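Remarks on the structure that follows.
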Amino acid sequence: MSEIVFNDPDALSRLNSIVHKAVRADLRVGAIHRPTKTVWVETAILYAKPTRPRGR
């Protein structure tokens with residue numbers, strides 16, 4: 001898979017849009033079920049270059 005997506009910018013963009021959508025959804029669920037108001041998230045590229053507007 002890495003040979004495909006890292007050599008094809010369109011494939012990488014499609015993969016990122018799929019993965020980032022799932023990660024954002026997981027972060028929202030995790031944040032909702034936290035006992036505190038503060039949530040720390042470390043991400044490599046999730047917010048570096050959004051593939052779509054946030055909140056969608």
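Annotations
- Segment Ile4-Ile32, length gained on full extension (0.36 nm per residue, minus Cα span): 6.5 nm
- Ranked by the mean number of other Cβ atoms within 10 Å of their residues, highest first, the peptides 34-40, 19-25 come out as 19-25, 34-40.
Read-outs: derived from the displayed coordinates by stated rules, not from any lab. Remember, it's a predicted structure, so these values are computed and weren't measured experimentally. Glycine gets a Cβ as well: all are built from the backbone with ideal geometry, and neighbour counts include every protein chain shown.
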